[in-house]
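The values are calculated or read from the model by the stated rules, or taken from the named source; none is laboratory data. Worth saying up front: this structure is predicted, and the values here are computed from it rather than measured. Neighbour counts run over all protein chains shown; Cβ positions are idealised from the backbone, glycine included. With ligands, DNA and RNA removed, areas are computed over all heavy atoms of the protein, side chains included. Shrake-Rupley method; radii C 1.70, N 1.55, O 1.52, S 1.80 Å.
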Amino acid sequence: LKAGELGDGKGYASLGANYQDGDGVATDLVKANEYYLKAGELRNGRGYSNLGFNYENGIGIAKDVAKANELYLKAGERGDAWGYVFLGINYEKGNGVVKDVTRANELYLKAGELGNGWGYFKLGVNYASGNGVPKDVAKAYELYQKAAALGSAEALKRLKDLGT
């Protein structure tokens, strides 16, 4: 709380997570979402990602997928790769936005470049299947390697399945 009050969005994001999970405080989803918003307003991407996830799923707040997608974009722009991953998934599915797999792949790449293995993994899956990009198993392999280097167990499994 003190960190947030001193202008550190990470403090508010952590406090929001504590209220959401009931970690050291009573679970209070309304407070969690309030702190996530405060974190985002202090340019903390994690706060916006968490708040977006809660909007998308109606957790402690009215479900609003369009609002979630706006927050995911803001989160990514503030350096939180998960915002780009979640927004990419929604573009791939057409969830709250017009389906656009090309845009999803762009977002997965941005997430990967921010150090998120899931972003590289999702992009690799799409290269392996030709989803929104030309099918390119070699490129998929390269992306799985990047994802695995970032700790993606899913990518390690795909590399194993490819016989490496």
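Of all the residues that make up segment 33-46, how many are more than 12 Å from Leu73 (Cα to Cα) and either open to solvent by 80 Å² or more (accessible area, probe 1.4 Å) or assigned to a helix (DSSP H, G or I) (or both)?
Kept after step one, since they are more than 12 Å from Leu73 (Cα to Cα), are these residues of segment 33-46: 33-39, 41-44.
Narrowing further to those that are either open to solvent by 80 Å² or more (accessible area, probe 1.4 Å) or assigned to a helix (DSSP H, G or I) (or both): 33-39, 41, 43.
Number satisfying all stated conditions: 9.
I need the full set of residues from segment 107-152 which are among the small types (Gly, Ala, Ser), within 22 Å of Ser49 (Cα to Cα) and open to solvent by 30 Å² or more (accessible area, probe 1.4 Å), in order please. Please lay out each step first, then the result.
We begin by selecting, within segment 107-152, every residue among the small types (Gly, Ala, Ser); these are 111-112, 115, 117, 119, 124, 128-130, 132, 138, 140, 147-149, 151-152.
Pick out the ones that are also within 22 Å of Ser49 (Cα to Cα) and you get 111-112, 115, 117, 119, 147, 151-152.
Of everything in segment 107-152, those that are among the small types (Gly, Ala, Ser), within 22 Å of Ser49 (Cα to Cα) and open to solvent by 30 Å² or more (accessible area, probe 1.4 Å) turn out to be Gly115, Gly151.
Report, by residue number, each residue of segment 56-83 that is open to solvent by 20 Å² or more (accessible area, probe 1.4 Å) and either of a type in the set (Lys, Arg) or in a helix (DSSP H, G or I) (or both).
Our first condition is that a residue be open to solvent by 20 Å² or more (accessible area, probe 1.4 Å); within segment 56-83, this holds for 56-67, 70, 73-74, 77-80, 82.
Of everything in segment 56-83, those that are open to solvent by 20 Å² or more (accessible area, probe 1.4 Å) and either of a type in the set (Lys, Arg) or in a helix (DSSP H, G or I) (or both) turn out to be Glu56, Asn57, Lys63, Val65, Ala66, Lys67, Glu70, Leu73, Lys74, Glu77, Arg78, Trp82.
Can you pull out the residues in segment 38-65 that are out of contact with any helix residue (DSSP H, G or I) (no Cβ under 9 Å at 6 or more places or on another chain) and either at pLDDT below 95 or over 18 Å from Thr27 (Cα atoms) (or both)? Let's see the steps before the verdict.
Narrowing segment 38-65 to residues out of contact with any helix residue (DSSP H, G or I) (no Cβ under 9 Å at 6 or more places or on another chain): 58.
Correct list: empty.
Can you pull out the helices (runs of 4 or more DSSP H) entirely within segment 84-164 that have at least 3 residues that are within 23 Å of Glu70 (Cβ to Cβ) and aliphatic (A, V, I, L, M)?
It comes to 101-113.
What are the pairs, 6+ residues apart or on separate chains, where a residue within segment 11-30 that is closer than 21 Å to Ala62 by Cβ has its Cβ under 6 Å from a residue that is open to solvent by 60 Å² or more (accessible area, probe 1.4 Å) and assigned to a helix (DSSP H, G or I)?
Tyr19/Lys31
In segment 1-32, what count of residues is obtained for those that are open to solvent by less than 30 Å² (accessible area, probe 1.4 Å) and either acidic (Asp, Glu) or closer than 23 Å to Asn116 by Cβ (or both)?
The qualifying residues number 7.
What number goes with the only condition from (1) under 17 Å from the mean Cα position of the chain (by Cα); (2) crowded, with 17+ Cβ neighbours inside 10 Å; (3) within 20 Å of Ala149 (Cα to Cα) that Asn90 does not pass?
(3)
Spot the failing condition for Ala81; the list is (1) in contact (Cβ under 8 Å) with a residue 12 or more places away in the chain; (2) farther than 26 Å from Gly9 by Cβ, and only one is missed.
Unmet for Ala81, out of (1) in contact (Cβ under 8 Å) with a residue 12 or more places away in the chain; (2) farther than 26 Å from Gly9 by Cβ: (2).
Check off (1) of a type outside the set (A, V, I, L, M); (2) more than 30 Å from Glu106 (Cβ to Cβ); (3) assigned to a helix (DSSP H, G or I) for Gly24 and give me the number that stays unchecked.
Unmet for Gly24, out of (1) of a type outside the set (A, V, I, L, M); (2) more than 30 Å from Glu106 (Cβ to Cβ); (3) assigned to a helix (DSSP H, G or I): (3).
Which pairs do you get when a residue that is free of Cβ contacts under 8 Å to residues at least 24 places away in the same chain, found in segment 58-70, comes within reach of a residue that is surrounded by fewer than 16 Cβ atoms within 10 Å (Cβ to Cβ), reach meaning Cβ atoms under 8 angstrom, with the pair 6+ apart or on two chains?
Qualifying pairs under 8 Å: Lys63/Asn57.
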